[in-house]
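Just so it is clear, none of the values below were taken in a lab; they were calculated from the coordinates. Note that the structure is a prediction, hence the values are computed from the model and not measured. Note that we place each Cβ from the backbone using ideal geometry, even for glycine, and neighbour counts take in every protein chain shown.
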Amino acid sequence: MIRERETVLDEAGNLLLTASQIGALIQEKEAERNHYDKLERYYRGEHDILNRQAKSRNLPNNRVVVNHAKYIADMSSSYLLGNPLSYTGENLDDFLYALRAADSQSHDICLEKKLAIYGSAYELVFPGPTILEPLQLAAIDPRDAFVVYDDSLHSRPILGVYFYMVQQKRKVFAYTEKECIEYSQRQGALQEIRRQPNPLGLIPLLEYRNNEDGSGDFEEVLTLIDAYNILTSDRVNDKEQFVNCLLLLTNCNIDPVTYQQIKDWGTMVLEGDGRAEYLSKTLDEQSTEVLRKALEADIHKVSMVPCLTDNSFAGNSSGVAMSYKMLGFEQKVKMKERFFCRSLNERLHLVSRLLDLLSFQTPQKVAAVFSRTLPVDTIELANMVSTLDGLVSRETLLAQLPFVNDVEQELKRIAVLKTQEQALGQQEAV
């Protein structure tokens, strides 16, 4: 949300908003909760088809859920961050130690999963409890946080608010660059509890966006998912009705005992002009299957997430061939990566500021490197790295290798190996 800076902060950067005004901003955010709840329901498989009522008490009412939403969200998030981020730069030892202590790898995939579902997510960066754990990261649901930006061209953040319920009491934390204010609310109005200075000098609550619109990965195909579920459910209903169709007996006199024998034996004897036949409609499975495939193709086309079990992927073991087939998906994930990097750079700035306050070594020229979880031709990749050796920095080349998780550590291992080889060569010469 956007507000004029003068209405939120004074010239010294202190918060001007009262507790009731903070509560009004929270209520404005709460208006989006139903939308986020629906996205979460679909990810968990609780689709609208489950609420469908039977048209008649005697008709079958199967409600089948094919969870394309979960497939799309899991595919896109794991493709982007299934391989942990690696970092390049200078003086990275303390920086990487802080990230490992905060379990940033698990945190990143959790954050990206929220982005794939909701389209936005929030991250809280704060000091750890001890010097051995200098950093802590928390991925926050978009229903429980928001950031207020000023109305300038750069849309700079001026206020971050995080709120949650605990034991029927709402707790609220408001963050500015200068202070952190805690509020509490049980039944009445929001009340201020305490104010503390913000040692980082930056707003520790960061907003991540999945794309420019802030939409989830499957949000645009919800109606197609509903149509696919309806078609599948009706298909099962038709099959069940066909199996349980009525038996029409003409010119037959059958008592209940004889009818039960017919059901048990599966045969019957007709006399005279008696006739028996089932009343059933013809199932057009071919047309239904054509429609099902069309809906499934539209789901994957609009979401830009391919179906890897499709026949077009069969027998294509080449990484290059796979890359061509996943070109649209790759373009979508690149856009997700760019928007993720926007807030990731702010996190790196916060972490650097925190390490500096704790007298740790401050990293320089830090850059995050993403690597896709796509089958690659390792021999071809090794040839490329060998060819570019001397033309591109070793840090950049090592970052391209999927089995190298820590570029800085790998460079140190290479240096140790070279030292050992030189020492061994001198010994042999002597």
Rounded if a/c is under 1.5, else prolate if a/b is larger than b/c, else oblate: which is segment 116-163, with a ≥ b ≥ c the root eigenvalues of its Cα gyration tensor? oblate
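Would you work out the relative contact order for the chain, in percent, from Cα pairs under 8 angstrom that are 6 or more residues apart? It would help to have the intermediate numbers written out before the result.
Numbers: 587 pairs, mean separation 92.9, N = 430.
About 22 percent, as a whole number.
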Inter-centroid distance (Cα atoms) of segment 131-145 relative to segment 160-185, Å: 14 Å
With 0.36 nm assigned to each residue of separation and the Cα-Cα distance removed, Gln53 to Leu153 gains 30.9 nm
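Could you work out [θ]222 nm for the chain from helices alone, using -39500 (n - 2.57) per DSSP H run of at least four and dividing by all its residues? Round to the nearest 500 deg cm²/dmol. It would help to have the intermediate numbers written out before the result.
On the way: 14 runs with 194 residues, N = 430.
Helices in the chain give a 222 nm mean residue ellipticity of -14500 deg cm²/dmol.
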At 7 Å along Cα-to-Cβ for each site, give me the label-to-label distance between Gln331 and Glu6 in nm. 4.5 nm
For segment 213-221, 3J(HN,Hα) per residue [Karplus equation, 6.51 cos²θ - 1.76 cosθ + 1.60, θ = phi - 60°, Hz, x = Gly/Pro]: 7, x, 9, x, 5, 10, 4, 6, 10
In which sequence would Val65, Val404, Val125 go, from the one with the fewest C-beta neighbours within 10 Å to the one with the most? Val404, Val65, Val125
Prolate/oblate/rounded call for the chain, Cα gyration tensor, a/c under 1.5 rounded: oblate
What distance in nm separates the two pseudo spin-label positions at Gln167 and Ser386, each 7 Å out from Cα along the beta-carbon direction? 6.6 nm
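Counting only GluC sites (Glu not before Pro) that are in a DSSP loop and have at most 13 other C-beta atoms within 10 Å, tell me the longest site-free stretch of the chain.
On the way: sites that count: Glu4, Glu11, Glu212, Glu271.
With GluC sites (Glu not before Pro) excluded where exposed in loops, the chain gives 12-211 as its longest stretch.
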For the chain, the longest principal axis of the Cα atoms and the Cα long axis of helix 407-429 enclose an angle in degrees, to the nearest 10, of 60 degrees
Students often forget the sequence filter, so: which aspartates and glutamates lie under 15 Å Cα-Cα from Lys239 once same-chain residues fewer than 8 apart are removed? Asp284, Glu285, Glu289
If one compares the long axis through the Cα atoms of helix 68-81 with the longest principal axis of the Cα atoms of the chain, the angle in degrees, nearest 10, works out at 20 degrees
In the structure shown, of Lys178/Lys336; Lys332/Lys412; Lys55/Lys301; Lys29/Lys171, the pairs separated by more than 24 angstrom at the C-alpha atoms are Lys178/Lys336; Lys332/Lys412; Lys55/Lys301
Relative to the longest principal axis of the chain, what angle (0 to 90°, nearest 10) does the C-alpha long axis of helix 104-118 take? 50 degrees
By its C-alpha gyration tensor, with a ≥ b ≥ c as the square roots of the eigenvalues, how is segment 111-196 shaped: rounded for a/c under 1.5, else prolate for a/b larger than b/c, else oblate? rounded
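Would you mind getting me the FRET efficiency between Ala101 and Gln241? Use the beta-carbon distance for r and R0 = 45 Å, nearest 0.05. List each step's numbers first, then the result.
Values: r = 61 Å, r/R0 = 1.34.
For Ala101 and Gln241, the calculated efficiency is 0.15.
May I ask you to derive the FRET efficiency for Asn91 and Asn14 from their Cβ-Cβ distance with R0 = 35 Å, giving the value to the nearest 0.05?
Efficiency, rounded to the nearest 0.05: 0.50.
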In whole angstrom, largest first, the equivalent ellipsoid semi-axes that the Cα gyration tensor gives for segment 377-430 are 26, 13, 10
Candidates per trypsin sites (Lys or Arg not before Pro) in segment 173-260, loop by DSSP, up to 15 other Cβ within 10 Å: Lys178, Arg186
